[in-house]
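So the structure is just underneath, and the comments pick up after that.
The values are calculated or read from the model by the stated rules, or taken from the named source; none is laboratory data. Here the structure is a predicted model, which means the values were calculated and not measured. Note that each Cβ is placed from the backbone with ideal geometry, even for glycine, and that neighbours are counted across all protein chains shown. Only protein heavy atoms, including side chains, enter the accessible area calculation; ligands, DNA and RNA are left aside. Shrake-Rupley method; radii C 1.70, N 1.55, O 1.52, S 1.80 Å.
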Amino acid sequence: MNFFLIKSVPLTHWSSNKPLNPAPRPLTVFFLCIGLTLFGLGESLIIAASLGMSPWVVLSEGLSINTGLSIGMITFLTSVIILLLWIPLKQRVGIGTLLNAVIIASVLDWSLPYLPHPETYLAKVVQTVFGTLIVGFGSALYLIANLGPGPRDGLMTGIQEATGRPIALVRVLLEVTVISIGWFFGGTIGIGTVIFAFGVGPSLSLGLHCVSSISKR
């Protein structure tokens with residue numbers, strides 16, 4: 001259970017030596033793309049389970065209700081604000097930051113029509129938990145590639161580096177904070193939202209531990 005205490009993203013022999021790398025190795029890009037694809041697939045599974053939106057969508061919905069702006073526009077503006085927060089947190093962009101949006105969005109569009117949409121409540125919960133685990137493992141793969149995180153993951157790693165707290169704890173507190181703000185402004189919360197908020201941090205830490213351990217063999 002020591003993986004819950006992981007306080008930084010480990011680097012392996014296939015990790016990039018810096019996020020802003022104009023010529024990364026093919027193996028590094030391969031694992032980056034696999035990780036982002038898994039991330040998108042996990043998100044799709046959670047959406048298909050229909051037990052609640054992800055915390056950041058809850059925030060966007062709540063702010064949309066109160067501002068009159070579309071959820072898409074709120075999501076865009078939120079990403080911009082988060083990227084601005086990267087400056088004091090000393091986070092760096094890379095091709096992973098750009099591919100994060102492109103690959104995850106593409107996987108969502110491609111996979112959703114083909115995924116199961118369970119009808120029983122238990123099956124929905126199981127699929128949500130499974131999706132959360134896949135998001136965690138996919139996040140671990142693409143973060144270890146060290147080619148730049150997505151906006152929200154960069155906020156997480158920046159806060160972790162500034163506070164020295166375990167990644168799992170930082171991620172959970174960040175997601176719960178986002179849910180609370182979204183709910184306060186009228187966003188819709190479901191059991192799937194709660195499962196993701198409390199499960200993605202531990203799932204990410206487990207993924208970091210597994211990927212790092214396998215890569216050392």
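Tell me which residues, restricted to region 5-22, are more than 21 Å from LEU98 (Cα to Cα), assigned to a loop (DSSP other than H, G, I, E, B) and either hydroxyl-bearing (Ser, Thr, Tyr) or open to solvent by 100 Å² or more (accessible area, probe 1.4 Å) (or both). Even if it seems obvious, please write down each step before you answer.
Of all residues in region 5-22, those more than 21 Å from LEU98 (Cα to Cα) come to 5-8, 10, 12-13.
After this cut, where a residue has to be assigned to a loop (DSSP other than H, G, I, E, B) as well, the list is 6-8, 10, 12-13.
Of everything in region 5-22, those that are more than 21 Å from LEU98 (Cα to Cα), assigned to a loop (DSSP other than H, G, I, E, B) and either hydroxyl-bearing (Ser, Thr, Tyr) or open to solvent by 100 Å² or more (accessible area, probe 1.4 Å) (or both) turn out to be LYS7, SER8, THR12, HIS13.
For region 101-117, name all the residues that are part of a helix (DSSP H, G or I), in contact (Cβ under 8 Å) with a residue 40 or more places away in the chain and either of a type in the set (Ser, Thr, Tyr) or open to solvent by 60 Å² or more (accessible area, probe 1.4 Å) (or both). Full working, then the answer.
Of region 101-117, the ones part of a helix (DSSP H, G or I) are 101-114.
Those left that are additionally in contact (Cβ under 8 Å) with a residue 40 or more places away in the chain: 101, 103-108, 111-112.
Of everything in region 101-117, those that are part of a helix (DSSP H, G or I), in contact (Cβ under 8 Å) with a residue 40 or more places away in the chain and either of a type in the set (Ser, Thr, Tyr) or open to solvent by 60 Å² or more (accessible area, probe 1.4 Å) (or both) turn out to be ALA101, SER106, SER111.
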> In region 181-217, how many are in a helix (DSSP H, G or I), within 12 Å of VAL57 (Cα to Cα), more than 17 Å from the chain's Cα centre (by Cα) and hydroxyl-bearing (Ser, Thr, Tyr)?
Replying inline: 0
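Can you spot a residue in region 157-164 that is touching an Asp or Glu at 6+ places or on another chain (Cβ under 8 Å), buried (at least 16 other Cβ atoms within 10 Å of the Cβ) and either assigned to a helix (DSSP H, G or I) or among the aromatic types (Phe, Trp, Tyr) (or both)? Spell out how you get there, then give the answer.
Of region 157-164, the ones touching an Asp or Glu at 6+ places or on another chain (Cβ under 8 Å) are none.
Within region 157-164, not a single residue is touching an Asp or Glu at 6+ places or on another chain (Cβ under 8 Å), buried (at least 16 other Cβ atoms within 10 Å of the Cβ) and either assigned to a helix (DSSP H, G or I) or among the aromatic types (Phe, Trp, Tyr) (or both).
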> So how many residues does region 165-217 have that are of a type in the set (S, T, N, Q), open to solvent by 20 Å² or more (accessible area, probe 1.4 Å) and more than 27 Å from LYS90 (Cβ to Cβ)?
Replying inline: 2
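Does at least one position in region 119-130 carry a residue that is buried (at least 24 other Cβ atoms within 10 Å of the Cβ), within 17 Å of GLY40 (Cα to Cα) and either out of contact with any His (no Cβ under 8 Å at 6 or more places or on another chain) or of a type in the set (Val, Ile, Thr) (or both)?
Pass one, region 119-130, residues buried (at least 24 other Cβ atoms within 10 Å of the Cβ): 128.
Then drop every residue that is not within 17 Å of GLY40 (Cα to Cα), which leaves 128.
From what's left, either out of contact with any His (no Cβ under 8 Å at 6 or more places or on another chain) or of a type in the set (Val, Ile, Thr) (or both): 128.
Within region 119-130, one or more residues are buried (at least 24 other Cβ atoms within 10 Å of the Cβ), within 17 Å of GLY40 (Cα to Cα) and either out of contact with any His (no Cβ under 8 Å at 6 or more places or on another chain) or of a type in the set (Val, Ile, Thr) (or both).
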>> I'd like to know if region 87-100 contains one or more residues that are closer than 24 Å to PHE198 by Cβ, in contact (Cβ under 8 Å) with a residue 60 or more places away in the chain, open to solvent by 80 Å² or more (accessible area, probe 1.4 Å) and more than 17 Å from the chain's Cα centre (by Cα).
In response: no
> What are the residues in region 144-175 that are farther than 16 Å from ILE6 by Cα and either more than 14 Å from the chain's Cα centre (by Cα) or acidic (Asp, Glu) (or both), if any?
Replying inline: ALA145, ASN146, LEU147, GLU175
> How many of the residues in region 56-75 are over 16 Å from VAL178 (Cβ atoms) and of a type in the set (A, V, I, L, M, F, W, C)?
Replying inline: 2
>> Can you pull out every residue in region 154-172 that is of a type in the set (A, V, I, L, M, F, W, C) and in contact (Cβ under 8 Å) with a residue 24 or more places away in the chain?
In response: LEU155, ILE159, ALA162, ILE167, ALA168, LEU169, VAL170, VAL172
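Of these, ILE144, ILE134, which one is out of contact with any Leu (no Cβ under 6 Å at 6 or more places or on another chain) and open to solvent by less than 40 Å² (accessible area, probe 1.4 Å)? Steps first, please.
On the way: ILE134 fails: out of contact with any Leu (no Cβ under 6 Å at 6 or more places or on another chain).
One residue alone meets the criteria, ILE144.
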